[in-house]
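Below is one structure, written out as structure tokens; the observations come after it.
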Amino acid sequence: MAFSFKIWMRKLFSNLFKKKKHIKLGLYGPPNGGKTTLANRICKDWLGEEMGSVSKVPHETREIQIKEEVHIKSGNKELSFNLVDTPGIATRIDYEDFLKDGLKEDDAKERAKEATKGVIEAIKWLDNMDAVVIVLDATKDPYTQVNLTIIGNLQARKIPLLIVANKIDLKKADVSKIESAFPQYKVIGISAKRGDNIADFYEELFNLV
């Protein structure tokens, strides 16, 4: 009886002093890779609401967006985190590129200004991340300065990362190219838009954090 009481007391104090850590999970990557689409998928699946707006025009997300206390489950496992959707990282932002997408000159210049500010903010936020999901467009060449810069920064900070090869629903998608480019990291192919392989993605989040 005394032994059982000791076990009960140990569990009680363990629960009392256990600190719940709010993990910050960041979504990073170049513009139009599908970060916000993935953020919306996660939030719809587990919170029943979307996180942000998406657009074919690059740099739709130009400010840090945070959705707090996202809880996901897989079998007996449960994970809680604050989801941070970041602006697309780019080495060059020119307002003339937005003119090609149909924006008026004043709007294009303002968008370029906000996008530049967003990139700087996203890089600053790296120091706050506990883990990062890099979202890449599986139809594009992964060997870019932007991708190498993002991964290099994460390596320097020793932040755990998972690479998502998004848009596998498109014919030109090639997950193997991304796997070959970054063989030292786990790469999982998904379609954030359709939900393809999304259960496998959630499973990898548990391994990540």
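The values are calculated or read from the model by the stated rules, or taken from the named source; none is laboratory data. All values derive from a computational prediction rather than experimental measurement. Don't worry about glycine lacking a Cβ; one is built from the backbone with ideal geometry, like all the others, and counts go over all protein chains shown.
Could you please find all residues in the range 173-206 being more than 21 Å from M129 (Cβ to Cβ), of a type in the set (S, T, N, Q) and either in contact (Cβ under 8 Å) with a residue 40 or more places away in the chain or not in a strand (DSSP E or B) (or both)?
Once the filter is applied, which keeps residues that are more than 21 Å from M129 (Cβ to Cβ), of a type in the set (S, T, N, Q) and either in contact (Cβ under 8 Å) with a residue 40 or more places away in the chain or not in a strand (DSSP E or B) (or both), the range 173-206 yields S176, S180, N197.
Among the β-branched types (V, I, T) and under 19 Å from G34 (Cβ atoms): does that describe I163?
Values: among the β-branched types (V, I, T): yes; under 19 Å from G34 (Cβ atoms): yes.
Yes: the conditions hold for I163.
Which residues, counting only those in the range 118-131, are surrounded by fewer than 20 Cβ atoms within 10 Å (Cβ to Cβ) and assigned to a helix (DSSP H, G or I)?
Answer for the range 118-131, where residues must be surrounded by fewer than 20 Cβ atoms within 10 Å (Cβ to Cβ) and assigned to a helix (DSSP H, G or I): I120, E121, I123, K124, W125, L126, D127, N128.
Looking at L170, L161, L99, L148, can you tell me which residue is touching a residue at least 40 places away in the same chain (Cβ under 8 Å) and of a type outside the set (G, A, S)?
Testing whether each residue is touching a residue at least 40 places away in the same chain (Cβ under 8 Å) and of a type outside the set (G, A, S) leaves just L161.
Name the one entry in A90, A173, A115, A181 that is more than 28 Å from C43 (Cα to Cα) and crowded, with 16+ Cβ neighbours inside 10 Å.
A181
One residue is enough: does the range 132-143 have a residue meeting the conditions touching a helix residue (DSSP H, G or I) at 6+ places or on another chain (Cβ under 6 Å) and among the charged types (D, E, K, R)?
Looking for residues that are touching a helix residue (DSSP H, G or I) at 6+ places or on another chain (Cβ under 6 Å) and among the charged types (D, E, K, R), one finds none in the range 132-143, hence no.
From the list N207, N153, which one is closer than 22 Å to N76 by Cβ and surrounded by fewer than 17 Cβ atoms within 10 Å (Cβ to Cβ)?
N207
Give the residue, chosen from I150, I163, I159, I134, that is assigned to a helix (DSSP H, G or I), at pLDDT 90 or above and of a type outside the set (K, R).
Of I150, I163, I159, I134, the one residue that is assigned to a helix (DSSP H, G or I), at pLDDT 90 or above and of a type outside the set (K, R) is I150.
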